[in-house]
Every structure is written in C-alpha cells, then in structure tokens.
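What follows is a set of notes on a single structure, which appears directly below.
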Amino acid sequence: VRRMPTEARLAALAAGLGSAAAGACLGRCLAASPAAAAAAAAADADADAADASVASESNALAPLSDFLLEPGLCYLNTGTLGPLPRCVVSAVSAELEWLAANPLNNYFGGGDDVPATERMDAVRGKVADFLGCDVAELCLVPSTTVALNTVASGLVDSDYLRANHSVLQTDQEHPGGEACWRHLEALGQLAAIDRLELPPVPASADEIVALFAAAMRPTTRVICISHVLTTSGTVLPLQRLAELAHANDALLLVDGAQAPGSLAVTLDDTGADVYTVSAHKWMLAPPGSGLVYIRRAAQEHVQAAFFDADTPPPVDAPAYGGDPSRYLSYTHSSGTTPTHTIAGLGAAVGYLDSLGGKAAVQANNIALRDRVYTGLAELSRGEGGGGGGLLLRLLSPPPGSDLCSSIVSFSIPTELMSAVRQLLALSSCPCKC
Ligand SMILES: Cc1ncc(COP(=O)(O)O)c(C=O)c1O
C-alpha cells in the first residue's frame with residue numbers, strides 16, 4: 001500500500017477498512033482532500049446527508065468565523081490546545097501594544113491608565129466568578145503542570161505531607177498530574193504513589209467511589225485525580241471522592257485540565273481542596289493560562305513558593321495560610337507576569353459568556369459528543385447493526401451517562417493506526433502523535 005499513488009492508496013484503505021457504511025463515511029471524509037477524489041467517488045450516495053449536516057453546522061453555538069483557524073482545517077484538538085477566538089487574539093495584541101507604549105507606567109502605575117497589575121487582578125476576579133469561587137482562593141499560573149508541582153512542594157514544605165505518606169491516583173492520569181508525585185517519591189519525600197486500576201468505561205459513579213474506598217490506606221494523605229480522564233473522557237464524581245478523602249483525613253487535589261469550558265464547573269461545589277485548570281484548552285484562552293484554586297481551609301497546608309512570600313512565617317506557624325494577598329497576579333514570588341496572556345484569558349471568559357455562559361457551552365459540547373459517539377457506534381456495528389463494521393471499540397461512557405464529558409475515545413487495531421492517521425491528515429484533521 002505504501003508504494004501506491006495517494007489516490008489509489010486512499011481508495012484501497014477506504015475499501016479495506018470495513019463495511020460499505022464505513023467506506024462511504026471515509027469517502028465523505030476524504031472528499032475534503034483534492035488528492036482523494038477517486039476515493040470520494042464512493043461516497044456520492046451519501047452526499048445529501050453530508051450536505052444536511054454541514055448546513056446544520058452553520059447554526060453552531062460558536063461559528064467558525066469567530067476563530068482564526070486556517071481555511072479547511074478540521075480542528076478537533078481542543079483537549080491539547082483550544083482554538084483561539086479572534087477576540088482573544090485581539091485582546092492579547094492590544095494589551096501588548098498598550099504596554100509597549102509606556103512599559104513601566106503601564107505595568108506598575110504612575111500614568112493615567114489603570115496599571116497592568118490591577119487589570120490582571122480584575123481578570124482574576126472575572127475568572128473566579130466564571131468558575132464559582134472566591135477570588136482569594138484563585139491564583140493565575142502558567143499551566144496545570146506548574147500548579148500541581150507548586151502545590152505538591154507546598155504540601156511537603158508545610159509538613160502536611162511526610163516521607164511515610166502516600167498519594168492515591170488512578171492509573172489513567174496525565175503526566176502533568178503525576179510528575180510532581182514522582183519527583184517527591186524519587187527525592188524520598190513520599191513513600192508511595194498508589195495507582196488505582198479503573199475499568200476502561202466504569203459502569204457508574206458508585207463503582208468508582210467503591211474502588212477508591214477500597215484503595216485508601218492509613219498512609220493516604222492526598223487523592224490526586226483528573227476531573228475528566230484524558231484516556232476516556234470519563235468524569236470522576238468529585239463531591240463523593242472529596243467526602244471520602246475528608247473522612248480519611250486526606251485532601252482531594254484535582255487536575256481539572258480537561259474540565260472547565262468543556263463542562264460547567266463550579267469550583268466551590270466540587271468539594272476539592274485544590275483544583276487546577278488549563279484555560280488554554282476548553283476555555284479557549286492563550287497558552288500559559290493556568291489557574292490554581294486552593295480552598296481557604298486548605299491554604300495552611302500549601303506553603304508559599306510561587307505564591308507571595310514577602311516575609312517569612314512566624315516560627316510557630318509553619319505556613320503562611322489565610323492571607324488572600326498571597327495569590328495576587330503580581331507577587332514577590334512570581335515577579336513580572338505576562339499581562340497580555342492574562343488579558344487574553346479575560347477575553348476568553350467574555351467570549352464564553354457571550355455564547356450563553358458555561359451551562360450553554362456544556363449543553364452544546366455534550367450534544368456534539370453524543371453525535372460523535374452515536375456515529376462511531378454505528379460504524380463499529382456495521383450496516384444494519386449486523387456486524388462487519390470498522391474494527392473500532394468505543395472507550396467512553398454512552399450518551400445519557402452522568403460520567404460523560406466532551407471527549408469521546410475509541411480504539412482501532414494498531415495495524416490500522418497509521419492508515420487512519422493518514423486519512424485524517426489528508427482531510428485536514430491533524431492528529432497529535
Ligand atoms: C488531564 C491533563 N492534565 C494535565 C495536562 C497538562 O496541562 P498543562 O500543559 O496545562 O500543564 C493535560 C494536557 O493535556 C491533561 O490533559
């Protein structure tokens with residue numbers, strides 16, 4: 001197949017991948033690529049259906065014209081880096097141009113304008129409102145990975161986490177949510193990381209909570225888990241896991257990289273003690289828009305590092321705790337911060353609000369994911385549900401489950417992987433490899 005010309009290769013792949021329904025679907029997909037005209041011919045019969053689906057997309061909650069994506073690109077990688085709305089890019093460049101006009105005064109004050117330090121904190125307040133928490137519990141950081149590393153070190157420095165303690169995670173965490181614990185373990189500051197094995201598609205929240213309850217040990221001081229698992233898009237039942245953690249004298253730390261903006265998250269309702277966000281994903285903010293929420297009651301356990309550290313804590317108080325000014329956008333520990341990125345974050349929240357707010361965005365996302373799930377389920381069954389479809393296995397909760405997020409995962413046989421990747425690339429749908 002590798003030695004065939006592109007058109008013949010695509011036709012062979014489309015025909016060889018499965019049933020007529022699968023072939024027709026791939027043909028539709030290939031129709032976007034001029035090089036694939038030969039394979040696309042097989043899809044003529046489905047053209048009307050495809051047209052109807054394109055027409056309905058013009059009523060999308062977020063019109064394509066709001067974004068700067070190159071024409072024809074089919075961008076499905078929001079879980080890695082979200083597409084940037086035009087208004088976000090404009091806000092970033094306007095802020096930078098304004099700063100360039102008088103860097104010192106415009107950053108720290110001294111001129112007529114409200115300085116960047118205050119503008120950044122106004123954005124922080126806006127984000128706190130969007131996410132449903134007190135602004136004194138929210139800190140702007142570059143990413144989820146930085147946030148969790150900072151918090152992990154802070155838990156050790158406050159003496160909350162000791163060398164004989166353990167951390168409980170699932171076996172499906174992203175490296176950004178587990179690297180911090182691996183560092184502590186390697187440094188001898190943590191006894192163990194327990195990795196709870198979750199089924200690919202858990203049946204219910206009850207099943208998940210029971211598995212966690214069974215995995216708790218007397219040494220477990222932290223449960224650190226994703227809100228939405230990147231592997232399958234499964235939503236973990238945070239409130240119940242927070243109750244479990246607290247009943248066992250542990251803290252619940254949540255890697256929320258894949259949740260806010262995908263789902264309508266209200267931080268205060270999650271029960272989490274710490275919750276991190278990568279707003280450069282589903283919240284459509286510029287890269288470097290991380291957030292960390294630390295519930296007021298948990299702040300005494302997270303010693304200052306990135307957070308402000310103006311004066312040392314009193315000798316009888318190991319941590320700074322309880323001082324809301326620790327989390328300002330510009331602190332003695334953060335130094336100068338990217339005011340233009342933070343302006344973009346503010347514009348991104350404004351954009352999501354203009355779409356109807358986080359509940360409307362979640363409803364739209366779930367409708368889209370259900371459509372993808374249903375289409376993939378049809379492909380996997382083959383025509384008439386009689387089998388013979390693509391060798392495709394769905395790995396996400398079915399529509400209607402309370403464990404659904406915007407992500408739909410599926411597996412295909414390894415030997416078809418590079419073929420499918422090529423088909424997607426030729427259809428202007430880039431894959432992260
Ligand atoms: C669940 C999860 N955690 C953490 C990260 C890392 O995010 P960041 O690059 O913002 O640190 C990702 C990125 O994809 C992720 O999916």
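Please rank Ile407, Ile294, fewest neighbouring Cβ atoms within 10 Å first, as an exposure proxy. The fewest-first ordering by Cβ neighbours comes to Ile407, Ile294. The residues packed around Ser166, meaning those with a beta-carbon under 10 Å from its beta-carbon, carry a net charge of 0 if Lys and Arg are +1 and Asp and Glu are -1.
With the cut-off at under 19 Å, measuring from each backbone N in the stretch 341-366 to a point 7 Å along the Cα-to-Cβ line of Ser65 picks out 351-352, 354-356.
A DSSP coil position with no more than 13 other Cβ atoms inside 10 Å describes the following GluC sites (Glu not before Pro) in the stretch 145-197: Glu197. A cut-off under 15 angstrom between Cβ atoms defines the neighbours of Pro413, and their net charge, with Lys, Arg +1 and Asp, Glu -1, is +1. Here the stretch 228-282 is treated with +1 on each Lys and Arg Cβ and -1 on each Asp and Glu Cβ, and its dipole about the Cα centre works out to around 260 debye. Residues His280, His301 in ascending order of nearby Cβ atoms (within 10 Å, fewest first): His301, His280. For the pair the stretch 85-111 and the stretch 246-277, the centres of their Cα atoms are 32 angstrom apart. Distant-in-sequence amide contacts of Ser405, defined by a placed amide H-H separation under 5 Å and a gap of 5 or more residues or a different chain, comprise Val235.
Rule-based calculations on the coordinates, nothing more; no lab input. Everything numeric here is computed off the predicted structure, so don't read it as measured data. All Cβ positions, glycine included, derive from the backbone under ideal geometry; neighbour counts span all protein chains shown.
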